[in-house]
Amino acid sequence: MTVPTASLPLPPGPVGLPLVGSALHFIGPFGRSPHAVLTRLAGTYGPIVSFRPGTAGDFVAVSSPAAAREALVDNDAALAARFVPDVARARAHSSESLLFLPSSSDLWRQHRAAVGAHLSAGRGLLDGARRVRDRHARGLAARVRARSGAPVKVGEAVLGAVLDVVSGTLFSEDVVGARVRGDHGQPFEDLVAAVLADWTRPNVSDAFPFLAPLDLLGARRRVSRGLTTLYEFLDDEFIERRLAGGVNRSRGDLLDAVLARHAKAELTRSEMTKFFTDIFLATSNTSRITVEWAMALLFKHRDKMEKVQAELAASLGSKDFVEELDLDELPYLRAVVKETLRLQPPAPLLPRMVVADGVSLGGFSVPMGTCVLVNLWAIGRDPTAWPRPEEFVPERFLGDEAADFRGSMDFAYRPFGAGRRMCPGLDFATRLVPLLLASILHKVEWRLPDGMAPEDVDLKDRYSMVLELAEPLRAVPVVSTP
Ligand code: HEM
């Protein structure tokens with residue numbers, strides 16, 4: 001609500017030390033779990049907590065469904081800019097980026113409209129690209145089955161399929177295995193993984209911006225090199241080749257739509273390249289992490305793993321590979337994905353910057369320039385909203401198809417965010433993630449490596465803008481020959 005806020009107090013929070021503020025709360029092991037630190041602080045100070053992690057300015061963490069609603073709906077317009085981490089300034093990426101431009105920017109609006117028009121449910125491209133998703137899900141299943149008896153890094157295998165699906169949807173071409181120029185011609189997927197690793201690693205430049213010019217961890221330099229290679233690759237391999245194709249170039253994909261805007265001088269070449277880069281970056285980690293977490297949780301809860309596989313066997317029978325249309329008949333599998341996103345939302349802290357005066361949350365003043373972090377991790381475990389909040393219970397999402405990601409459960413469940421900056425890939429992700437999970441579970445018996453028992457599965461998480469498993473999941477697919 002926008003009211004005169006001069007007389008309102010600031011939100012309560014830990015008293016900071018000179019210079020370092022409340023940074024001590026976030027170093028060492030705590031630095032790996034700021035979502036959990038902020039949840040604990042909410043237990044002490046209430047659902048709206050202010051803190052200063054260094055000299056980067058004021059932060060406010062919001063950790064209850066009601067406070068999240070106030071931030072993301074009542075104050076949607078005032079909180080519609082993003083915190084820009086130092087690495088995102090490499091190659092001036094953030095200044096032309098869908099991920100980081102404020103929502104007042106024309107370019108941001110145009111990009112959002114393009115993604116909405118092409119990747120939302122019921123719109124041509126998303127439905128039309130179903131075959132792309134089915135093909136790569138089948139490819140993933142085949143690759144996993146071919147490794148029968150040998151340990152597989154689950155996240156790595158899934159990332160390849162995600163990148164190919166995105167590339168197939170954007171450019172109508174596969175991308176995994178394609179060699180990029182420079183860096184010894186590394187495969188595209190390794191380049192994306194390397195950029196994401198630096199992009200998401202906590203960086204001292206963000207807590208202490210006066211140190212940013214020194215780039216002490218070298219993250220901005222490495223991201224800059226990676227982005228240069230990525231831009232060149234996307235530009236040469238897809239944009240340039242399609243432009244050179246003349247009249248035969250039209251494929252009806254997102255690249256065609258973007259090139260049409262370029263032809264009308266609505267988009268520069270650099271804006272196009274950054275747009276595609278953003279889609280790869282936004283899609284790859286989130287979708288891969290969700291499948292990896294779901295598998296880890298299923299390993300830990302063997303009975304639920306058996307239940308999903310029984311559902312797959314009953315529904316698909318002797319059919320060898322899962323297809324997207326089969327998902328309608330797999331409610332338990334869809335519930336597993338929903339429960340995974342509740343417990344381990346890949347983007348647990350939504351970073352929004354306050355861009356207007358007079359903003360208040362819960363009766364506290366939140367001045368312009370404050371970064372508001374909406375703690376989805378805390379909200380998904382709020383004991384007033386969820387019975388047995390810490391337990392993995394996919395069954396809670398069965399029955400009336402509760403929780404559709406768009407607010408049917410109000411703000412207790414918003415793994416894709418809310419408001420004008422809500423994830424534009426929701427429909428894409430909610431088709432792709434269950435499909436990939438089903439594909440690796442169907443007709444494969446999964447075992448843990450090295451004699452591990454389910455209780456040995458390590459579910460510790462590690463925050464790095466996204467919420468990773470601290471120990472990447474390794475597991476052994478076993479296919480019994482018919
Ligand atoms: C399981 C998969 C995914 C999850 C959990 C997820 C979650 C999120 C969340 C929480 C946000 C921030 C929303 C907010 O601030 O309110 C976001 C933003 C975004 N997501 Fe996703 N996402 C996923 C997959 C995807 C996919 C497949 C795409 C590709 C189209 C995508 C594209 C984006 C973009 C471009 C943004 C930035 C939007 C903006 O700032 O205007 N995401 N996502």
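Residues in region 266-284: is at least one more than 30 Å from residue 154 (Cβ to Cβ), aliphatic (A, V, I, L, M) and surrounded by fewer than 23 Cβ atoms within 10 Å (Cβ to Cβ)?
Yes; the residues of region 266-284 include at least one that is more than 30 Å from residue 154 (Cβ to Cβ), aliphatic (A, V, I, L, M) and surrounded by fewer than 23 Cβ atoms within 10 Å (Cβ to Cβ).
If you check 300, 274, 264, 304, which single one turns out to be over 30 Å from residue 343 (Cα atoms), modelled with pLDDT of 90 or more, charged (D, E, K, R) and out of contact with any His (no Cβ under 7 Å at 6 or more places or on another chain)?
264
Filter region 402-458 down to residues that are among the β-branched types (Val, Ile, Thr) and more than 25 Å from residue 278 (Cβ to Cβ), then give me how many there are.
Residues meeting the conditions: 3.
Is it fair to say residue 115 is in contact with a Phe, Trp or Tyr (Cβ under 7 Å, 6 or more places away or on another chain) and part of a helix (DSSP H, G or I)?
The answer is no for residue 115.
Where residues in region 282-310 are within 13 Å of residue 170 (Cβ to Cβ) and touching a helix residue (DSSP H, G or I) at 6+ places or on another chain (Cβ under 9 Å), which of them is farthest from the ligand (Cβ to nearest atom)?
The residue in question is 284.
Considering only residues of region 32-73 that are hydrophobic (A, V, I, L, M, F, W, C) and not in a helix (DSSP H, G or I), which is modelled with the lowest pLDDT? Full working, then the answer.
First, pick out the residues of region 32-73 that are hydrophobic (A, V, I, L, M, F, W, C): 36-38, 41-42, 48-49, 51, 56, 59-62, 66-68, 71-73.
If we keep only those that are not in a helix (DSSP H, G or I) too, we end up with 48-49, 51, 56, 59-62.
On the way: 48: 97, 49: 96, 51: 90, 56: 80, 59: 92, 60: 96, 61: 96, 62: 97.
Ranking the qualifying residues of region 32-73, first place goes to 56.
Of the residues in region 137-161, how many are under 20 Å from the mean Cα position of the chain (by Cα) and either buried (at least 19 other Cβ atoms within 10 Å of the Cβ) or aliphatic (A, V, I, L, M) (or both)? Full working, then the answer.
Step one: of region 137-161, the residues under 20 Å from the mean Cα position of the chain (by Cα) are 137, 153-161.
If we keep only those that are either buried (at least 19 other Cβ atoms within 10 Å of the Cβ) or aliphatic (A, V, I, L, M) (or both) too, we end up with 137, 154-155, 157-161.
The total comes to 8.
Taking residue 129 as the residue in question, decide whether it is within 12 Å of the ligand (Cβ to nearest atom) and either of a type in the set (D, E, K, R) or in contact (Cβ under 8 Å) with a residue 12 or more places away in the chain (or both).
yes
Residue under question is residue 383, and the condition is that it be within 12 Å of the ligand (Cβ to nearest atom) and either in a loop (DSSP other than H, G, I, E, B) or surrounded by fewer than 22 Cβ atoms within 10 Å (Cβ to Cβ) (or both); does it hold?
When the stated conditions are applied, residue 383 does not pass them.
So which pairs qualify, if the first residue must be in region 95-107 and within 13 Å of residue 278 (Cβ to Cβ), the second must be away from the ligand (no atom under 11 Å from the Cβ) and part of a loop (DSSP other than H, G, I, E, B), the Cβ gap must be under 6 Å, and the two must be at least 6 apart or on different chains?
Qualifying pairs under 6 Å: 100/84.
Here are 462, 474: which of them is in contact with a Pro (Cβ under 6 Å, 6 or more places away or on another chain) and either under 30 Å from residue 149 (Cα atoms) or in contact (Cβ under 8 Å) with a residue 12 or more places away in the chain (or both)? Step through it out loud before you land on a result.
On the way: 462 fails: in contact with a Pro (Cβ under 6 Å, 6 or more places away or on another chain).
After applying the criteria, what remains is 474.
Quick one: is residue 343 surrounded by 17 or more Cβ atoms within 10 Å (Cβ to Cβ), at pLDDT below 95 and within 30 Å of residue 198 (Cβ to Cβ)?
Details: surrounded by 17 or more Cβ atoms within 10 Å (Cβ to Cβ): yes; at pLDDT below 95: no; within 30 Å of residue 198 (Cβ to Cβ): yes.
For residue 343, the condition - surrounded by 17 or more Cβ atoms within 10 Å (Cβ to Cβ), at pLDDT below 95 and within 30 Å of residue 198 (Cβ to Cβ) - is not met.
Can you tell me which residues in region 346-356 are part of a loop (DSSP other than H, G, I, E, B) and within 12 Å of the ligand (Cβ to nearest atom)?
346, 347, 348
In region 410-449, what residues are more than 22 Å from residue 77 (Cα to Cα) and either without any contact (Cβ under 8 Å) to a residue 24 or more places away in the chain or within 14 Å of the ligand (Cβ to nearest atom) (or both)?
427, 428, 429, 430, 431, 432, 433, 434, 435, 436, 437
From 406, 420, which residue is in a helix (DSSP H, G or I), surrounded by fewer than 17 Cβ atoms within 10 Å (Cβ to Cβ), at pLDDT below 95 and basic (Lys, Arg)?
420
Given the options 372, 393, name the one that is within 16 Å of the ligand (Cβ to nearest atom), modelled with pLDDT of 95 or more and among the aliphatic types (A, V, I, L, M).
None of the other options fit; the residue is 372.
Scan region 328-345 residue by residue and report those that are in contact with an Asp or Glu (Cβ under 9 Å, 6 or more places away or on another chain) and not in a helix (DSSP H, G or I). Outline the logic, then answer.
Taking region 328-345 first, the residues in contact with an Asp or Glu (Cβ under 9 Å, 6 or more places away or on another chain) are 329-335, 339, 343-344.
Correct list: 330, 344.
The values are calculated or read from the model by the stated rules, or taken from the named source; none is laboratory data. Note that the coordinates shown come from a computational prediction; the quantities given were computed from them, not determined experimentally. All Cβ positions, even for glycine, are placed from backbone atoms using ideal geometry, and neighbour counts span all protein chains on display.
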